[in-house]
Amino acid sequence: MNRIFSRFTFCRENKQTFRVLVCRWSAVGCVAFCLIFALLCSRCSTVTIVGGGAALVGSAAMREKSISETVSDTVLSTRVKAAIYKISPEVHAMVGVNVQESEVLLTGTVPTDEMKTKVERAVWKVSGTKCVYNDIEISDKAPIVNYHKDAWITSQVKAKLLANTKIRSLNYSIKTVNNVVYIFGIARSVDELELVKNIASHVRGALRVMSYVRLKEGAN
């Protein structure tokens, strides 16, 4: 009886060990397959592997800006918004912030020209700010912003840029405020930039297009 029990225990332990080994080898095989697949496809398109970090790497590989620059823009945007909030919560609510390549775009409205200048000076003091585009308008009344319409215009511009094979859409950041389309990013050529602006200007509802796009070094 003791011999039978010992054999049963031995078999059960072996079975559990076998399951662990199978699971480990399956995980290793899955990772290896993903890496091989990524290497095979990296020359022709963006590869998205399950997992946040891998997806970010796959996306950034097709952009002119690096992952570190993307993270820096996010951090700078947070700092700029915090600096504006220190002026007053009301001003913070009225001013929009968009950051691309450490260049800051300010939109929205403030009651006085002095406040507009104060906001700009506060942004310049934020570490990491390379340039400030102050497109804040002066108005005693808060603008009636149709956020749904602005969001719709932005989505249409992005969709059209993505659908155009002559444009590397990931290089551009689009923001719409009061039907005015703001474009940030890096253009690979003058022709690409003109095409982007033309597409944005023909989206229904877009009143004006403001381009803060820079040309890639060596572009013509």
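When you scan region 64-145 for helices (runs of 4 or more DSSP H) that lie fully inside it, which ones turn up with 2 or more residues that are modelled with pLDDT under 95 and not charged (D, E, K, R)? Lay out the reasoning, then the answer.
Numbers: elements: 67-87, 89-94, 113-124.
Helices (runs of 4 or more DSSP H) meeting the threshold: 67-87, 89-94.
Within region 143-152, is even one residue touching a residue at least 40 places away in the same chain (Cβ under 8 Å), under 18 Å from the mean Cα position of the chain (by Cα) and not assigned by TED's automatic domain parsing to the domain that holds MET115?
Within region 143-152, the first condition is being touching a residue at least 40 places away in the same chain (Cβ under 8 Å), and the residues that meet it are 149, 152.
From the residues that got through so far, the ones that are under 18 Å from the mean Cα position of the chain (by Cα) too are 152.
Still in the list and also not assigned by TED's automatic domain parsing to the domain that holds MET115: 152.
Scanning region 143-152, I find at least one residue that is touching a residue at least 40 places away in the same chain (Cβ under 8 Å), under 18 Å from the mean Cα position of the chain (by Cα) and not assigned by TED's automatic domain parsing to the domain that holds MET115, so the answer is yes.
Going by the conditions given, is ILE138 loosely packed, with under 15 Cβ neighbours inside 10 Å and hydrophobic (A, V, I, L, M, F, W, C)?
Spelling it out, ILE138 is indeed loosely packed, with under 15 Cβ neighbours inside 10 Å and hydrophobic (A, V, I, L, M, F, W, C).
How do the pairs read when you match residues in region 112-125 that are more than 16 Å from ALA82 (Cα to Cα) and in contact (Cβ under 8 Å) with a residue 12 or more places away in the chain with residues anywhere that are among the acidic types (Asp, Glu) and surrounded by fewer than 11 Cβ atoms within 10 Å (Cβ to Cβ), using Cβ under 9 Å and keeping only pairs 6 or more apart or on different chains?
Qualifying pairs under 9 Å: THR112/ASP140.
Residues THR109, THR129, THR165: which one is surrounded by fewer than 16 Cβ atoms within 10 Å (Cβ to Cβ) and of a type outside the set (Lys, Arg)? Talk me through it step by step, then tell me what you get.
Details: THR109 fails: surrounded by fewer than 16 Cβ atoms within 10 Å (Cβ to Cβ); THR129 fails: surrounded by fewer than 16 Cβ atoms within 10 Å (Cβ to Cβ).
Criteria check complete, one pass: THR165.
Against the conditions (1) polar (S, T, N, Q); (2) without any contact (Cβ under 8 Å) to a residue 40 or more places away in the chain; (3) under 18 Å from MET210 (Cβ atoms), where does SER102 fall short? Just the number, please.
(3)
Consider region 181-213. How many of its residues are out of contact with any helix residue (DSSP H, G or I) (no Cβ under 7 Å at 6 or more places or on another chain), surrounded by fewer than 17 Cβ atoms within 10 Å (Cβ to Cβ) and not in a helix (DSSP H, G or I)?
5
The values are calculated or read from the model by the stated rules, or taken from the named source; none is laboratory data. Computed from a prediction, not measured in an experiment: that's the story for all the values here. In this analysis, Cβ positions are derived from the backbone assuming ideal geometry, glycine residues included, and neighbour counts consider all displayed protein chains.
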